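Bear in mind these aren't lab numbers, they're just calculated from the coordinates by the rules spelled out. As the structure is a computational prediction, the values presented were derived from the model and not from experiment. All Cβ positions, even for glycine, are placed from backbone atoms using ideal geometry, and neighbour counts span all protein chains on display.
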Amino acid sequence: MIPRIYIPGDSGALALGAEKVAKAIAGELAERGIEAKIVRNGSRGAYFLEPMVEVATANGRVAYGPVKPSDVKSLFDGGFLTGGHHKRWLGTPDKIPFLAKQTRLTFARCGVTDPLSLESYKKHGGLNGLTNALALTPADIVAQVTESGLRGRGGAGFPTGIKWKTVLDTAGDRKYIVCNADEGDSGTFADRMIMEGDPFVLIEGMTIAGIATGATKGFVYVRSEYPHAVAVMNKAVEVARKAGVLGASVLGSPYAFDMEIRVGAGAYVCGEETALLDSLEGKRGMVRAKPPLPAHKGLFGKPTVINNVISLASVPIIMDKGAAFYKDFGMGRSRGTIPIQIAGNVKYAGLFEAAFGMTLGEIIDDIGGGTATGRPVKAVQVGGPLGAYFPRALFDTRFDYEAFAAKDGLIGHAGIVVFDDTADMLKQARFAMEFCAIESCGKCTPCRIGSTRGVETIDRIVAGIEPEKNLALVTDLCNTMKFGSLCALGGFTPYPVMSSITHFPDDFKPAPVRVAAE
Ligand SMILES: Cc1cc2nc3c(=O)[nH]c(=O)nc-3n(C[C@H](O)[C@H](O)[C@H](O)COP(=O)(O)O)c2cc1C
Ligand code: SF4
């Protein structure tokens, strides 16, 4: 059997030099006259170890990382094709602590399989969910998804089954499944990782959604900053079509479902579901007033399911192993697993899929290893640019939608950005207002005007002009934005601003007047 070498080809690993490593390995193989198969897999998500190269040996896979091109010669000299020891040797990937501690349901295949091989997908449980779904009625599929407790992973945490039921129960000559792959939140990359590392799971999830609701066409709206994900998804759709997974007769059934990949143009607000629908229709991405809900009147005015990538990619495992299996993980009303993305100033950055319920402290300190700079953690922002900044005092908060809401925070798309004690929270508060001013779609006044006034008012605090009065003004403005905005861009910007003011009051005090030494 010829040796098999796995070198991640996803954008995260590529950014860390995987392409140069792949070239060096191919060159070394040629020079030594060794025949081997190189598989460009996705990343397993332990980005601090990327580029992580794996070889398939008689005793299973052995990992090495982070590999540099300069390591390649010595890797071959050390017999890495048979798992030989080397300074980059990591052993069995599943035993690497960062990976071993995870509960991989949605990301079970990511980094393991060849992303574009349907055979490899099937060998690892792929299409079991779709096959099971085809044996059920649409109403029973919806009931399973509802029973699993799956909630939208895009940010709002809305129960997926209820959304699907609304579309199933709404009459329409045409219905759509829209996958939200805009992934605009800071520090998030779960959608990208799954699209690049296991694209068929998303295709399978969308197909199940189509069968369950009566939709025959799907669109994946991918942000323009993800060219690799777009390329992989396009290829995977073609493979799925050729294999009869997509098309006029899904896996030989009476159901039809097909899909297309569409590329956004780079606006954060186009991740908001109604602005996304406008953008998909070829219009400028503006938020629509609700009602009507997209489930009643969505894309091109037709009943539409709009779900995040991870919500849809979690459906196949639910339909494969059953609602009870999935529901068994998690806590409270947050069921199943969540891919937590640990980023920013952190030692062990990466994707960590776990059942809901870990504390923030466990995630940052035990899994993330604290800051990369070695300085104390000052704040973590959870849930993207609209998420609250939590201080260490709130590290006992459990990763659960309700527990975060109780502390005036949100989980959002489960991105965490870590800051050390050099962070200036006044600057972060200003950044939140500025971000809102830049990204506002302009439809409603509290957001369009409020964010600009917010930046100006914070600038006055920075300049030491009537700081107390201006701080009260910012608080008042935040209340207006929170309760008066049409969507969560304006409505949630107060979270990072107010959490900075509440938890880090010292950063909002005027700088001490420095008296020059005489
Ligand atoms: C300003 C703004 C940006 C958003 N960006 C995203 C995004 O990038 N990806 C996403 O899935 N949801 C995003 N959402 C949430 C979507 O509006 C919507 O709730 C989600 O696509 C529904 O899918 P889910 O139920 O599977 O989470 C955003 C919301 C707002 C207000
Ligand atoms: S809150 Fe902002 S982004 Fe949302 S509708 Fe209003 S102006 Fe547009």
Solvent-free Debye scattering, log10 I(q)/I(0), computed from the Cα coordinates of the stretch 283-413 at q = 0.20 Å⁻¹: -1.17
Label-point separation, Asp366 to Ala58 (7 Å along Cα→Cβ), nm: 3.8
Residues whose placed amide H lies under 5 Å from that of Glu260, excluding near-sequence neighbours: Gly218, Phe219, Val220
Furthest towards positive pole of dipole, Ala229, Gln102, Tyr47, structure part the chain, Cβ charges: Ala229
Sorted largest first, extent of the stretch 335-407 alpha carbons per principal axis (Å): 34, 22, 22
Theoretical ellipticity at 222 nm over the chain - DSSP helices of four or more residues, -39500 (n - 2.57) apiece, nearest 500: -11000 deg cm²/dmol
Charge dipole of the chain about the Cα centre (unit charges at C-beta), most positive-ward option of Thr337, Leu277, Ala15: Leu277
Within the stretch 151-244: Cβ-based charge dipole about Cα centre, in debye rounded to nearest 20 (Lys, Arg +1; Asp, Glu -1): 320
Filtered trypsin sites (Lys or Arg not before Pro), the stretch 259-308: DSSP coil and at most 13 other beta carbons within 10 Å: Lys283, Arg284
Tensor-based shape of the stretch 129-188 (alpha-carbon gyration tensor, a/c under 1.5 rounded, otherwise prolate or oblate): prolate
Whole-angstrom gap from the stretch 440-459 to the stretch 105-135, using each part's C-alpha centre: 46
Amide H contacts under 5 Å for Ala354, placed H, 5+ residues apart: Thr103, Ile338, Ile340
Zero-based 5 Å bins, Cα pair distances in the stretch 209-249, whole percents: 5, 20, 23, 24, 16, 9, 2
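Determine the shape class of the chain: with a ≥ b ≥ c the square roots of the Cα gyration tensor eigenvalues, call it rounded for a/c under 1.5, and otherwise prolate if a/b is greater than b/c, oblate otherwise.
Taking the square roots of the gyration eigenvalues as a ≥ b ≥ c, the chain is oblate.
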Those aspartates and glutamates that a straight Cα-Cα span of less than 19 Å connects to Lys73, excepting residues fewer than 8 apart in one chain: Glu19, Glu28, Glu31, Glu35, Glu50, Glu54
Reach of Lys123 by Cα under 17 Å, taken over lysines that are not fewer than 8 positions away in the same chain: Lys321
DSSP-loop GluC sites (Glu not before Pro) across the stretch 266-327, with at most 13 other Cβ within 10 angstrom: Glu281
Label-point separation, Glu466 to Phe325 (7 Å along Cα→Cβ), nm: 6.4
Residue-count net charge about Val462 - beta-carbon cut-off 9 Å; Lys, Arg +1, Asp, Glu -1: +2
Karplus (6.51, -1.76, 1.60) ³J(HN,Hα), θ = phi - 60°, over the stretch 170-177, in Hz, Gly and Pro reported as x: 9, 6, x, 6, 8, 10, 10, 10
Distant-in-sequence amide H partners of Tyr6 (H built 1.01 Å from N, under 5 Å): Val39, Glu54, Val55, Ala56
J(HN,Hα) series, the stretch 491-501, from Karplus relation 6.51 cos²θ - 1.76 cosθ + 1.60, nearest Hz, glycine and proline x: x, 9, 3, x, 4, x, 5, 5, 5, 5, 5
If the convex hull is drawn through the Cα atoms of the stretch 413-518, its volume per residue in Å³: 112
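Over the stretch 53-193, what per residue volume does the convex hull of the Cα atoms give, in whole Å³? Walk me through the numbers on the way to the answer.
Details: hull volume 25.2 nm³, N = 141.
Hull volume over Cα atoms, normalised by residue count, gives 179 Å³.
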Distance between the stretch 217-293 and the stretch 52-85 - C-alpha centres, whole angstrom: 38
Rounded to whole Å, sorted largest first: equivalent-ellipsoid semi-axes of the stretch 147-304, Cα gyration tensor: 22, 21, 15
Cleavage-rule hits (trypsin sites (Lys or Arg not before Pro)) in the stretch 85-134: DSSP loop, at most 10 neighbouring Cβ within 10 angstrom: Lys87
Net charge of Cβ neighbours under 11 Å - reference Ala372; Lys, Arg +1; Asp, Glu -1: +1
Positive minus negative residues near Arg104 (Lys, Arg vs Asp, Glu; Cβ under 12 Å): 0
Residue-wise HN-Hα coupling along the stretch 302-309, computed from phi with Karplus coefficients 6.51, -1.76, 1.60 (Hz; x: Gly, Pro): 9, x, 9, 8, 10, 9, 5, 3
Partners for Lys509 among lysines (Cα-Cα distance below 30 Å; same-chain residues under 8 apart left out): Lys378, Lys407, Lys427, Lys469, Lys482
Net lengthening on full extension, Ala248/Ala289 (0.36 nm per residue, minus Cα-Cα): 11.3 nm
